[in-house]
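What follows is calculated from the coordinates using simple rules that are stated; it is not laboratory data. Nothing here was measured: the structure is a model prediction, and the numbers come from that model. Glycine gets a Cβ as well: all are built from the backbone with ideal geometry, and neighbour counts include every protein chain shown.
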Amino acid sequence: MTTDLIKDNAIEADELTKIYGSDNTKVVAMRDATMHVKQGEVVALLGPSGSGKSTFLTAVGLITPPTSGRITIKGKLVQDGETSYANLRSFRRKNIGFIFQKSNLIPFLSAVENIQIAMELNGESKRAARSRAIELMDYLGVADRADNLPSMLSGGQQQRIAVARAIANRPSVILADEPTAALDGHRGRQVMELFAKVAHEQGTGVIVVTHDHRALDVFDTIYEMEDGLMRKRPLETQKKH
Ligand SMILES: Nc1ncnc2c1ncn2[C@@H]1O[C@H](COP(=O)(O)OP(=O)(O)OP(=O)(O)O)[C@@H](O)[C@H]1O
């Protein structure tokens, strides 16, 4: 699969506004934020602390609804303001992969089991899930760590397992919130490169919230948030293709 063949949007977030609280506790965390991510596109979302990045990501991840605005995933309108047009739990499980700052692996399951369980929860047989889990570990360069517990893995290896788990059910969207914050520059870059590989080879739409400016060349598109406003970086400062 190459990105040239795939032009459809994986994610369309249109005019998202989020207001927390009311009257004197009112905070407008996001104002009319719009972002479209194509299948096979990897996007970085930058911005200072408190600018609204997590608010945007949790809205697109169908975790916290926006006050207004529309979220369309792979052509299906799933959220319009606070109204949902899908069973969000099952829609999330099938269509969206999440990666957080810490890998959040289950400590008493081996690396391969951590990936496998995501597929079993989605109705896959144990055998098929195990075989795909091993395949994914190979794809992400950690096959030799299959039987290790998370505590025996480095931070970078744990994040690779978390990436494998996130892509196991072939989601059309991956959302990552500061996935390299706990890693050094070199390992952080390797994880960012994995996101680009997954996006470009699997046709997944990927959004990575990051403060890490060292690996921005890995991304196809860069957006910035400030005071709840979303802005796409002008083309001349984006990666040249
Ligand atoms: N549950 C909440 N209730 C009230 N205000 C909130 C809530 N969540 C976030 N906010 C406010 O909304 C604004 C945006 O917060 P958000 O967490 O989205 O920013 P961020 O860019 O992700 O910050 P950081 O980089 O520090 O994680 C901030 O002013 C924050 O205080």
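Per-structure values
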| read-out | value |
| --- | --- |
| Gap separating the Cα centres of the stretch 96-129 and the stretch 30-59, nearest whole Å | 26 Å |
| Among Met192, Met152, Met137: highest mean-square fluctuation, GNM of the chain, C-alpha pairs under 10 Å | Met152 |
| Listed pairs Lys74/Lys94; Lys74/Lys102; Lys26/Lys76; Lys26/Lys74; Lys94/Lys126; Lys126/Lys197 exceeding 21 Å between Cα atoms | Lys74/Lys102; Lys26/Lys76; Lys26/Lys74; Lys126/Lys197 |
| Packing-based exposure ordering (other Cβ within 10 Å, fewest first) of Asp147, Asp80, Asp8 | Asp147, Asp8, Asp80 |
| Angle in degrees between helix 185-202 and the longest Cα principal axis of the chain, rounded to the nearest 10 | 90 degrees |
| For the stretch 112-171, alpha-carbon Rg over 2.2 N^0.38 Å | 1.00 |
| q = 0.11, 0.16, 0.17 Å⁻¹: log10 I(q)/I(0) that the Debye formula gives for the chain, counting C-alpha atoms only | -0.56, -1.16, -1.29 |
| Prolate/oblate/rounded call for the stretch 90-135, Cα gyration tensor, a/c under 1.5 rounded | oblate |
| Relative contact order [Cα under 8 Å, 6+ residues apart], the stretch 23-152, whole percent | 15 percent |
| Estimated 222 nm signal from helices in the chain, with DSSP H stretches of n ≥ 4 weighted -39500 (n - 2.57), rounded to 500 | -9000 deg cm²/dmol |
| Charge context of Ala181, other residues only, Cβ under 15 angstrom, K/R +1, D/E -1 | +1 |
| If the convex hull is drawn through the Cα atoms of the stretch 146-231, its volume per residue in Å³ | 113 Å³ |
| Rounded, prolate or oblate (a/c below 1.5 giving rounded, otherwise prolate when a/b exceeds b/c) for the stretch 81-193 by Cα gyration tensor | oblate |
